[in-house]
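Data first, discussion second: the structure below is written as structure tokens.
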Amino acid sequence: MATVLSVSGSPSVSSRTAKLLRHLDTRLVAQGHDVIPLDVRTIPAEALLGADFRHPAIVEATELLERADGVVIATPVYKASYSGVLKALLDLLPQFALTGKTVLPLATGGTTAHVLAIDYALRPVLNSMGAAHIVQGWFTLDKDITTDDDGSLAVAPAATEALTQVVDQFSAALGRAPLLAAAS
């Protein structure tokens, strides 16, 4: 089917955002997609903060994005916006790096006061980068994402239902992308 770049914009090693994203990756794989995970926190800070466009990690991230048909971008919300490490990466990518891509924005946070961060902070940046189609995103409360004693992820039933729906809509949009390209 499609190649999906799954980008975690969390700076934390023990991130609920990253764990949730990797959980959703398994659904996309089960639907036949090739999923490539990218944790922005693993890109060296000197490359991100020094705006080193030629750093091998930035070059690799750019190449991964070029190969992808779709992109899932997940971020924790801090101070009503997406994470700084995600911003640093997006700033280093080519201006129209998302041209022709289908994008699913996801966010996590501690309060519903941040639910609009996807639409007012992240979506405009994704749009300016040329995304062909930004599907309906989803905000999940931190309290709805827990890790069991055995390390497995547990997501509240209502959040699971909503996330399943947006992931399935993203997957369906990926399936239609080649048809739309062929028609034009």
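The values are calculated or read from the model by the stated rules, or taken from the named source; none is laboratory data. Small disclaimer: the values here were computed from a predicted structure and weren't measured. Cβ coordinates were reconstructed from backbone atoms using ideal geometry, including for glycine residues, and neighbour counts include every protein chain displayed. Calculation scope for accessible area: heavy atoms of the full protein, side chains included, ligands and nucleic acids excluded. Shrake-Rupley method; radii C 1.70, N 1.55, O 1.52, S 1.80 Å.
A few notes on this one:
- Taking the inverse of the mean 1/r over every pair of distinct Cα atoms in the range 38-120 gives a Kirkwood hydrodynamic radius of 13.6 Å.
- Within the chain, antiparallel bridges make up roughly 15 percent of the DSSP beta bridges whose residues both belong there.
- Under 16 Å of direct C-alpha separation, and excluding same-chain neighbours fewer than eight residues apart, Lys101 reaches these aspartates and glutamates: Asp34, Glu63, Glu66, Asp69.
- Eligible aspartates and glutamates near Lys143 by straight Cα distance, threshold 18 Å, same-chain separation 8 or greater: Glu161
- Ratio Rg/Rh [Cα only; Rh per Kirkwood] for the range 8-69: 1.02
- Working from Cα pairs under 8 Å separated by at least six residues, relative contact order for the chain is 22 percent.
- Inter-part distance, the range 29-64 to the range 67-108, computed on C-alpha centroids, equals 11 Å.
- Counting only DSSP H runs of at least 4 residues, each contributing -39500 (n - 2.57), and dividing by the residue count of the chain, the helix-based mean residue ellipticity at 222 nm comes to -12500 deg cm²/dmol.
- The tail of the calculated P(r) for the chain beyond 25 Å holds 29 percent of all Cα-Cα pairs.
- Residue among Ser6, Pro124, Ala57 farthest towards the positive dipole end of the chain, charges placed on Cβ: Pro124
- Projecting the Cα atoms of Thr147, Ala158, Ala97 onto the dipole axis of the range 78-184, where Lys and Arg carry +1 and Asp and Glu carry -1 at the beta carbon, places Ala97 farthest toward the positive end.
- With all protein chains in place and ligands, DNA and RNA left out, the 1.4 Å accessible area ranks Thr99, Thr75 as Thr99, Thr75, largest first.
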